[in-house]
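Nothing in this text is a laboratory measurement; each read-out follows from the coordinates by a stated rule. Computed from a predicted structure; not experimentally measured. Cβ atoms come from the backbone with ideal geometry, glycine included; neighbour counts cover every protein chain shown.
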Amino acid sequence: MHVIGARWVARVGSLMALVGLGLLPAAGQAASQEDPWEGVNRAIFRFNDTLDTYALKPIAKGYQAVTPQFLEDGVHNVFGNIGDVGNLANNLLQAKFHDAGVDTGRLIINTTFGLLGFFDVARHMGLQKNDEDFGQTLGAWGVDSGPYVVIPLLGPSTVRDTFSRVPDSFLTPYPYMDHVPTRNVTLAVDVVDTRASLLSAENLISGDKYIFIRNAYLQNREFKVRDGEVEDDF
């Protein structure tokens with residue numbers, strides 16, 4: 001369950017932001033040229049989508065139905081606070097020292113005054129959350145994204161982003177949790193919480209679902225790597 005939701009669904013959520021930004025129509029033909037393995041990718045996509053439809057999504061709906069909103073928000077904030085560690089590391093690697101300072105402030109304030117991040121106190125103080133990963137760091141260093149690829153259970157990616165998962169994994173607490181039951185429960189809650197937070201965004205998907213997600217993913221990654229400075233060919 002962790003494998004399906006923790007990265008795939010989180011990326012799908014990022015795709016939805018593109019609709020509001022008006023970037024999605026520009027994907028088109030350029031995205032198709034970046035997908036030379038479409039036949040295999042589509043097969044893996046169907047497997048992932050089926051598993052999500054019949055396993056993860058129903059669980060996420062049940063979690064959302066029985067969990068009070070304040071508790072759901074708090075759990076989501078806790079995992080977001082953990083994610084700020086990765087944001088901090090990658091901002092430092094990209095020499096974004098101002099953003100790294102914001103990440104540091106968020107970690108300190110939310111971990112202490114926010115009760116381990118249950119309350120996002122830093123956001124109310126004007127310290128907005130960043131969104132960085134090692135794939136973006138490699139992109140900032142000039143590494144090309146490579147072809148689009150759909151990873152079994154993990155979902156949309158590129159060759160560059162696939163390899164970036166390894167260093168990113170060391171910025172999460174899971175490799176350092178020796179108590180297996182605790183680690184598994186934490187992973188499961190992380191996945192289900194992430195999936196539940198994206199249920200309302202699914203209505204934005206239209207047309208060929210594979211193409212929609214592929215095009216949105218590729219443009220979203222370009223948008224993030226370039227910090228919003230992208231060329232619109234539409």
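Taking 0.36 nm per residue of sequence separation and removing the Cα-Cα distance, the Val85/Thr50 pair yields an extension gain of 9.4 nm. Backbone phi angles across region 71-83, fed through the Karplus curve with coefficients 6.51, -1.76 and 1.60 (θ = phi - 60°), yield HN-Hα couplings of 6, 4, 5, x, 4, 4, 5, 4, 5, x, 5, 4, x Hz in residue order; Gly and Pro are listed as x.
Taken one residue at a time, the phi angles of region 147-155 give Karplus couplings (6.51, -1.76, 1.60, θ = phi - 60°) of x, 6, 8, 9, 8, x, 6, 9, x Hz. Gly and Pro are set to x. In this structure, Ser169 and Asn203 have a Cβ-Cβ separation that, at R0 = 30 Å, corresponds to a calculated FRET efficiency of about 0.40. When the Cα positions of Leu187, Leu107, Ala140 are compared along the charge dipole of region 2-225, Leu187 comes out farthest toward the positive end, with charges on each C-beta of Lys, Arg, Asp and Glu. Applying both filters, DSSP loop and at most 15 other Cβ atoms within 10 Å, to the GluC sites (Glu not before Pro) of region 165-234 gives Glu229, Glu231.
What the Cβ-Cβ distance of Arg42 and Thr112 gives, at R0 = 35 Å and to the nearest 0.05, is a FRET efficiency of 0.15.
In debye, nearest 20, what is the charge dipole magnitude of region 2-225 about its Cα centre with +1 on Lys and Arg Cβ and -1 on Asp and Glu Cβ, if you could check? Could you put the intermediate results ahead of the total?
Values: 18 positive and 23 negative charges, 45 e Å.
About 220 debye.
Distance between the 7 Å Cα→Cβ label points at Asp144 and Glu229: 2.2 nm.
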